[in-house]
1. For the pair His277/Asn113, report the inter-label distance in nm, with labels modelled 7 Å from Cα in the Cβ direction.
2. Assuming a strict under-25 Å limit between Cα atoms, what lysine pair count do you get for the chain once near-sequence pairs (fewer than 8 apart, same chain) are dropped?
3. Could you run the Karplus curve 6.51 cos²θ - 1.76 cosθ + 1.60 with θ = phi - 60° over region 172-187 and give me ³J(HN,Hα) per residue in whole Hz, x for Gly and Pro?
4. Rounded, prolate or oblate, given the Cα gyration tensor of region 139-182, with a/c below 1.5 counting as rounded?
5. Rounded, prolate or oblate: which fits region 76-133, taking a ≥ b ≥ c as square roots of the Cα gyration tensor eigenvalues, rounded meaning a/c under 1.5, else prolate when a/b beats b/c?
6. Using 0.36 nm per residue of separation minus the Cα-Cα distance, give me the extension gain between Ala185 and Ile246 in nm, one decimal.
7. Calculate how steeply helix 268-281 sits against the longest principal axis of the alpha-carbon atoms of the chain, using the helix alpha-carbon long axis, and give the answer as 0 to 90 degrees to the nearest 10.
8. In terms of modelled amide H atoms, which long-range or inter-chain residues lie less than 5 Å from the amide H of Arg245?
Amino acid sequence: MTDMSFGGPWTKEKLEILERYLDAYTTALKNQPFHLIYVDAFAGEGSWRPNTPYASEDYGDFEEIRDGSSRIALKIEDKPFDRFVFIEKDLSRCESLRELQQEFPHRSIEINNEDANEALISFCDTLENHERAVVFLDPFATQVSWESVARLAGTKKADCWILFPLSAIARQMPRNQDPPDAWAANLDRVFGGRNYWRDLYRTSPQLSMFGDEPGLERPGGSGRIADNYRVRLEEVFEQVAPTRRIFRNSRNSPMFELFFAASNPRGAPIAITIADHILKHW
Ligand SMILES: C[S@@+](CC[C@H](N)C(=O)[O-])C[C@H]1O[C@@H](n2cnc3c(N)ncnc32)[C@H](O)[C@@H]1O
């Protein structure tokens, strides 16, 4: 196992939401003729260890190694997924995933040591009519490109849990000036275009830093950034779960917002009902 210590109480919460969804979703589709695929695009290594300083207050068993998303998906029993696609850029984590694979010899598992965006686009190209996928996008920061999300939506066969990196995005959107070019390019990649984040800025009554032109301001908190991303999701997916789940750090600052979006016109109502119920109650 590599040093996969990250997150805190919200990591546990995020993974519980995923587990409950995978369990309920596979059961709901039990008698349907679909071939079900679970895609973990930031698969990690199968387990994790809480590491935030305040986590010990919340976890009696602080040092306990916990199941990560890939292992959680493999353990779904009632109606297991027919195929698992684990994408992980880090080679040593892929080695841990191969050990995990040995523990589940009867599951059909692919491990791709690749960049998630590239692997997801290839995956979308191969999805067949009788297949349905649940895709978990669980990055550390701003790795998920809009192109990948839009391609997944375009398959009309994939439903996605998307962990949107609120604090990492907010850091790249200064309050009183335009982001530098590199950050702007990154925001373009995440939102799929400049107007989708740039409209959060407006001219300010204050003059710019140089005093020769109107200044800029980005009013409101990171909730407005998430609202814009939600609108983007609604443009490409059939439905987006209405309930918000924001994960905060120990200082109560928003870190991530978890979205669920469904792409299949016939399947979306049931998928959204399940996901929204879980988002509301857990
Ligand atoms: C938050 S962790 C995932 C945790 C995992 N879902 C779990 O529950 O155990 C993010 C993972 O994404 C991997 N990663 C980072 N950038 C990536 C990329 N561009 N493509 C694929 N994997 C990437 C990291 O190595 C790390 O293992």
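Every read-out reported here was derived from the displayed coordinates using simple, explicitly stated rules and does not represent laboratory data. Worth saying up front: this structure is predicted, and the values here are computed from it rather than measured. No Cβ is skipped: glycine too gets one built from the backbone with ideal geometry, and neighbour counts run over all protein chains shown.
1. For His277 paired with Asn113, the spin-label model returns 4.2 nm.
2. Lysine pairs meeting both conditions in the chain amount to 24.
3. Values, residue by residue: 8, 10, x, 5, 10, 7, 5, x, x, 3, 5, 5, 4, 5, 5, 5 Hz.
4. Because a/c hits 1.5 or more and a/b exceeds b/c, region 139-182 counts as prolate.
5. Because a/c hits 1.5 or more and a/b fails to exceed b/c, region 76-133 counts as oblate.
6. 19.4 nm is the gain from fully extending Ala185 to Ile246.
7. 80
8. Leu258
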